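S.K.: Got a structure here, written out as structure tokens. Questions coming.
The values are calculated or read from the model by the stated rules, or taken from the named source; none is laboratory data. Values in this document were obtained by computation on a predicted structure and should not be read as measured data. Counting neighbours? That spans all protein chains shown, and the Cβs are built from the backbone with ideal geometry, glycine included. Calculation scope for accessible area: heavy atoms of the full protein, side chains included, ligands and nucleic acids excluded. Shrake-Rupley method; radii C 1.70, N 1.55, O 1.52, S 1.80 Å.
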Amino acid sequence: MEYLAVFSPLIAFLIAFLFGSKLGHKGCQFVTCAGITAAAIASCVLFIKVALAHGEAYTVPVMTWIESGAFTAEWALRIDTLSTVMMCVVTIVSACVHYYAVGYMSHDECRGRFMSYLSLFTFAMMMLVTADNLVQLFFGWEGVGLASYLLIGFWNHKDSANAAAVKAFVVNRVGDFGLAMGVFAAFFIFGTVQFDELFAAAADNAGVTMDLFGFELHAMTVICLLLFMGAMGKSAQLGLHTWLPDAMEGPTPVSALIHAATMVTAGVFLVARMSPMFEYAPIALMVVTIVGALTAFVAATIGLTQFDIKRVIAYSTMSQLGYMFFALGVSAYGAAIFHLMTHAFFKALLFLGAGSVIHALHDEQDMRNMGGVMKKIPATYVLMWIGSLALAGIPFFAGYYSKDIVLEAAWADHTWFGSFAYWMGIAAALMTAFYSGRLLFMTFHGKPRMDKKTFDHAHESPPIMLTPLIVLGVGALFSGFAFYEYFVGHHQFWAGSIFVLPDNDTVAAAHHVPMWVKKLPMVMGISGLVLAFIMYVKFVGLPEKVTKAFKPFHSLFFNKWWFDELYQKVFVENAERFGKLFWSSDKNVVDGIGPDGVAGTSKRFAGVLARFQTGYVFQYAFIMMIGVIGLVSWVFYQAVTGGMQ
């Protein structure tokens, strides 16, 4: 069953990629959909067996991967509650995306290759979440990066898609450098990369220090901060987030797969998996909390002002990832994974719903050119409302349960950074509800703002696209209520796959916070939706007046806090200057003195000799006479000087 869950997507990828020309598009679609369906069913069976039935965690060996001296890295599948939860989330969402892509990409000439890439991405993610050691995790981590590059840049005839793919790849390499250093540091301190051995030795090595650049630093803090640097890149936390909105250049199924349940949640999984080490690095946890809180707030402010329907949802993803990270930072690992799970359902629903809108309006993505399509695509309209209400945290949708426990845990931490995260989260909750309502009202309500031909031809998506939306809609409706007690009700559910020190148990403390702390997120969610209704339905001229009244803030948010411009000036342009300097040095110094210099000297010398090659006999005779005279003179000189000695 374990092999079926993990390797079915890999087999599907190999068949579709290598034999796609023989199978044809439909053959590739059938193989990949069958592979991911088998993986989803197997993952659910394992989840029931290990998590719901409180079965024992175990490891399935595959092979010895690396053996060098005393170092050995096994390729094994770690099956415990945390990994089975992630396996279910990844495969279920990926299955929905696979089936949706059959309809969405039906007119693409390379849809068979696209389906194979989706399966490759899923396999890499499955390798990551079932990793039994840091080396295997790093392998899955880099595999996800490669597959995301292929998917984001799939429409390679678009320069913007190519640039977005490169940007995602490069920005993630910055984070991956930190992750690699963290793996090296862990091996340096513990002498192993196996999770069980690392976790067993964490308490005994909690006070160990290490020398780094001449400074004596707390080793566990250094390791955890380096690992978190990798998580920041993959999960688009503030500072390494700029690749996320640009990744919208890929097809909509890619947006759902990357930004809902898979790639961006890898960082959350990493920190939760390494909880036995993070618990002994309080400074690292504080950093995680602050970065997560700032990410939730900043991303929400940007989402308020965007007009591309997919970019609004993308910044929403970044904001919700911030919630997950500050939950991790206050040791509420179960709450973070709970929000990861519910978020996967309603965010994939929103992305695929946005794709259904784009499909209906002939690839239009600007919400300013939409409006009034509620009656044209009623099923999509209802499903988008379900996803948006779950995102806004409205009772009793999935997001209501998971977002609230995250905020309550932050308050229950009783630290200054926990309180900071709570209030940043409250502000983000208000903005999240507002831009969710703004998206719905601008897209579906009011008068049509597109040309009449586009509006008349707007139509509902086919069943192959709507069915995955319905599946995700069920998750967005019921997953919070159904799994609340399991994920955050009692710790027996996690059965050792997550470790929390007794003094850090904020999830248990969250159930006893004051009532206003519990109800304030709901009030913010409802208020945000009401405010959006007032501004975009009742008084449609109000947003323009508000924009003018708060122009500096609007400019800051609309330009995404100028992160891209700052990075362009500081990193990109300086890198180009250094590149030109080194190129000039290479050309003028290295090549000038070396290959080009030698070749140039030889050429000039040959030019001098060539002057004597005129073709006239008398000139050749004259040169021969000079040569003979010179030779005789040299012999005579040698004879005379020899005789004198």
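S.K.: Do any helices (runs of 4 or more DSSP H) lying entirely in the range 223-277 carry at least 1 residues that are over 14 Å from the mean Cα position of the chain (by Cα), farther than 22 Å from GLY182 by Cβ and in contact (Cβ under 8 Å) with a residue 24 or more places away in the chain, and which ones are they?
M.R.: 252-256
S.K.: Can you work out which of the residues in the range 600-632 that are in a helix (DSSP H, G or I) and open to solvent by less than 60 Å² (accessible area, probe 1.4 Å) is nearest to ASP586 (Cα to Cα)?
M.R.: In this case the residue turns out to be GLY600.
S.K.: Let me ask you something else. Look through the range 372-426, keep the residues that are part of a loop (DSSP other than H, G, I, E, B) and touching a Lys or Arg at 6+ places or on another chain (Cβ under 7 Å), and return whichever of them is surrounded by the fewest Cβ atoms within 10 Å (Cβ to Cβ).
M.R.: Taking the range 372-426 and keeping what is part of a loop (DSSP other than H, G, I, E, B), we get 372-377, 393-397, 413-415.
Within this subset, residues satisfying the condition of being touching a Lys or Arg at 6+ places or on another chain (Cβ under 7 Å) are 372, 393.
Working: GLY372: 16, GLY393: 27.
Result: GLY372.
S.K.: Within the range 184-200, is even one residue part of a loop (DSSP other than H, G, I, E, B), open to solvent by 10 Å² or more (accessible area, probe 1.4 Å) and over 14 Å from ILE258 (Cβ atoms)?
M.R.: Keep residues of the range 184-200 that are part of a loop (DSSP other than H, G, I, E, B), which gives 191-193.
Next cut, open to solvent by 10 Å² or more (accessible area, probe 1.4 Å) only: 191-192.
From the residues that got through so far, the ones that are over 14 Å from ILE258 (Cβ atoms) too are 191-192.
Yes, the range 184-200 contains at least one residue that is part of a loop (DSSP other than H, G, I, E, B), open to solvent by 10 Å² or more (accessible area, probe 1.4 Å) and over 14 Å from ILE258 (Cβ atoms).
S.K.: Test each condition in (1) in contact with a Leu (Cβ under 6 Å, 6 or more places away or on another chain); (2) modelled with pLDDT of 90 or more for SER497 and report the one that comes out false.
M.R.: (2)
S.K.: Further, regarding this structure: If you go through the range 47-69, how many residues are open to solvent by 80 Å² or more (accessible area, probe 1.4 Å) and touching a strand residue (DSSP E or B) at 6+ places or on another chain (Cβ under 6 Å)?
M.R.: Selection size over the range 47-69: 3.
S.K.: Within the range 285-300, track down each residue that is closer than 15 Å to ALA332 by Cα and buried (at least 21 other Cβ atoms within 10 Å of the Cβ).
M.R.: Selection gives LEU285, VAL288, THR289, GLY292, ALA293.
S.K.: Can I ask one more? Does the range 32-46 include one or more residues that are touching a strand residue (DSSP E or B) at 6+ places or on another chain (Cβ under 8 Å) and modelled with pLDDT of 90 or more?
M.R.: yes
S.K.: Is there any pair with a first residue in the range 332-346 that is within 13 Å of ALA398 (Cα to Cα) and a second that is of a type in the set (Lys, Arg) and part of a helix (DSSP H, G or I) whose Cβ atoms are under 7 Å apart and which are 6 or more apart or on different chains, and what are they?
M.R.: Correct list of pairs: HIS339/LYS403.
S.K.: Now a separate question. Determine if the range 157-177 includes at least one residue that is more than 30 Å from GLN365 (Cβ to Cβ), modelled with pLDDT of 85 or more and either hydroxyl-bearing (Ser, Thr, Tyr) or surrounded by fewer than 23 Cβ atoms within 10 Å (Cβ to Cβ) (or both).
M.R.: Step one: of the range 157-177, the residues more than 30 Å from GLN365 (Cβ to Cβ) are 176-177.
After this cut, where a residue has to be modelled with pLDDT of 85 or more as well, the list is 176-177.
Of the ones still in play, those that are also either hydroxyl-bearing (Ser, Thr, Tyr) or surrounded by fewer than 23 Cβ atoms within 10 Å (Cβ to Cβ) (or both) are 176-177.
The answer is yes; a qualifying residue exists.
S.K.: Quick check on my filter: what residues within the range 551-570 are within 24 Å of the chain's Cα centre (by Cα) and not charged (D, E, K, R)?
M.R.: Listed by number, the residues that qualify are PHE557, PHE558, ASN559, TRP561, TRP562, PHE563, LEU566, TYR567, GLN568, VAL570.
S.K.: Here is a further query. Restricted to the range 509-542, and to residues that are buried (at least 17 other Cβ atoms within 10 Å of the Cβ) and farther than 16 Å from ALA433 by Cα, which residue is farthest from the chain's Cα centre (by Cα)?
M.R.: So the residue we want is VAL513.
S.K.: In this structure, does GLY353 turn out to be open to solvent by less than 10 Å² (accessible area, probe 1.4 Å), at pLDDT below 90 and in contact with a helix residue (DSSP H, G or I) (Cβ under 9 Å, 6 or more places away or on another chain)? Outline the logic, then answer.
M.R.: Values: open to solvent by less than 10 Å² (accessible area, probe 1.4 Å): yes; at pLDDT below 90: no; in contact with a helix residue (DSSP H, G or I) (Cβ under 9 Å, 6 or more places away or on another chain): yes.
No, not satisfied.
S.K.: To continue, here is another question. Restricting attention to the range 403-418, does a residue exist that is within 23 Å of MET263 (Cβ to Cβ) and touching a residue at least 40 places away in the same chain (Cβ under 8 Å)?
M.R.: yes
S.K.: Determine if the range 107-115 includes at least one residue that is aliphatic (A, V, I, L, M) and modelled with pLDDT of 90 or more.
M.R.: Of all residues in the range 107-115, those aliphatic (A, V, I, L, M) come to 115.
Add one more test, that the residue is modelled with pLDDT of 90 or more, and what stays is 115.
Scanning the range 107-115, I find at least one residue that is aliphatic (A, V, I, L, M) and modelled with pLDDT of 90 or more, so the answer is yes.
Conditions (1) outside any helix (DSSP H, G or I); (2) without any contact (Cβ under 8 Å) to a residue 60 or more places away in the chain; (3) of a type in the set (Val, Ile, Thr), marked per residue:
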residue: VAL488; (1), (2), (3): no, no, yes
residue: GLY496; (1), (2), (3): yes, no, no
residue: PHE499; (1), (2), (3): yes, no, no
residue: ALA509; (1), (2), (3): no, no, no
residue: TRP516; (1), (2), (3): no, yes, no
residue: ILE526; (1), (2), (3): no, no, yes
residue: MET535; (1), (2), (3): no, no, no
residue: PRO543; (1), (2), (3): no, yes, no
residue: TRP562; (1), (2), (3): no, yes, no
